[in-house]
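Working notes, beginning with the structure itself.
The values are calculated or read from the model by the stated rules, or taken from the named source; none is laboratory data. Computed from a predicted model, the values in this text were never measured in an experiment. Counting neighbours? That spans all protein chains shown, and the Cβs are built from the backbone with ideal geometry, glycine included.
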Amino acid sequence: MRIIGGQFRGLHLAPVGEGDAKAHLRPTSDRVRESIFNLLINGGFGDPISGARVLDLFAGTGALGLEAISRGAARVAFVDDGAAARALLRRNIELTRTMGVTDVWRRDATRMGPNRGAGYSLVFLDPPYGKGLGEKALVSCIEGGWIAPGAMIVWEEGVAPEIPQGFEMLDQRRYGDTLVTLLEAPE
């Protein structure tokens, strides 16, 4: 697993092997991550990455958020309640030397509570597949004020997710067993 583009291009992240099923670690493959960022950059959505405040839910290794920083995001907040995931995430933050522009929160992404700061303009959502956790996380984030009006949501699932009311689907593409759905948050 490595950073695909930007200032950290080619940097190898901490190895996770085939993932950790018990810890629900299923890292986004380099190929899928590259496809996601190509879609964000070349999909006609403007530039949702440069200067963005990013929320990486079910962050796991943090590869999506770190890729965003590598490509110009201003700050990333990583949310994961798993100890194994947070240990890998902290290692990857050390490898990229991004301690000053990242936050790591031990929190259940489906129960975020109120946000005390500004909303996030780019949200990565990569929950364990088939458990309905993505839907719960989005509702929790909207209720808590975590998502900025008009924010871009990048949602990875195994099957088409139930899109919460008010969100607009911008694109949806399948990469192997991963279905990537791009949404725009309500204004």
(message) Going residue by residue through region 82-97, is there one that turns out to be surrounded by 18 or more Cβ atoms within 10 Å (Cβ to Cβ), under 15 Å from the mean Cα position of the chain (by Cα) and assigned to a loop (DSSP other than H, G, I, E, B)?
(response) no
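Name the single residue that is farthest from D81 (Cα to Cα) among those in region 44-58 being among the small types (G, A, S) and surrounded by fewer than 15 Cβ atoms within 10 Å (Cβ to Cβ). Give the derivation first.
Within region 44-58, the subset among the small types (G, A, S) is 44, 46, 50-52.
In the following step, the residues that additionally are surrounded by fewer than 15 Cβ atoms within 10 Å (Cβ to Cβ) were identified as 44, 46, 50-51.
Working: G44: 34, G46: 32, S50: 28, G51: 27 Å.
Checking each candidate, the answer is G44.
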(message) Of everything in region 103-132, what is surrounded by 21 or more Cβ atoms within 10 Å (Cβ to Cβ) and closer than 24 Å to I36 by Cα? Give them in sequence order.
(response) A109, Y120, S121, L122, V123, F124, L125, D126, P127
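Given L95, L122, L179, which one is modelled with pLDDT of 95 or more and either under 30 Å from Q7 (Cβ atoms) or of a type in the set (D, E, K, R) (or both)?
On the way: L95 fails: modelled with pLDDT of 95 or more; L179 fails: modelled with pLDDT of 95 or more.
Step by step, each of L95, L122, L179 is checked, and only L122 is modelled with pLDDT of 95 or more and either under 30 Å from Q7 (Cβ atoms) or of a type in the set (D, E, K, R) (or both).
Which residues, taken from region 112-125, are part of a loop (DSSP other than H, G, I, E, B) and in contact with a helix residue (DSSP H, G or I) (Cβ under 7 Å, 6 or more places away or on another chain)? Walk me through it before giving the result.
So the first thing to find is which residues in region 112-125 are part of a loop (DSSP other than H, G, I, E, B), and the list is 112-119.
Across region 112-125, the qualifying residues are M112, G113, P114, N115.
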(request) Exactly one condition in (1) among the basic types (K, R); (2) in contact with a helix residue (DSSP H, G or I) (Cβ under 8 Å, 6 or more places away or on another chain); (3) under 26 Å from D47 (Cα atoms) is not met by R106; state its number. (result) (3)
(message) I'm checking my understanding of the structure. Among residues of region 1-57 that are of a type in the set (V, I, T) and outside any loop (DSSP other than H, G, I, E, B), which one is modelled with the highest pLDDT?
(response) V54
(request) Say whether the condition of being aliphatic (A, V, I, L, M) and assigned to a strand (DSSP E or B) is met by at least one residue in region 58-74. (result) no
(request) Can you tell me which residue among A151, A77, A137 is farther than 30 Å from H12 by Cβ, surrounded by 14 or more Cβ atoms within 10 Å (Cβ to Cβ), touching a Phe, Trp or Tyr at 6+ places or on another chain (Cβ under 8 Å) and touching a residue at least 24 places away in the same chain (Cβ under 8 Å)? (result) A151
(request) Go through the residues of region 85-92 one by one and say whether even a single one is in contact with a helix residue (DSSP H, G or I) (Cβ under 7 Å, 6 or more places away or on another chain), at negative phi and at pLDDT below 95. (result) yes
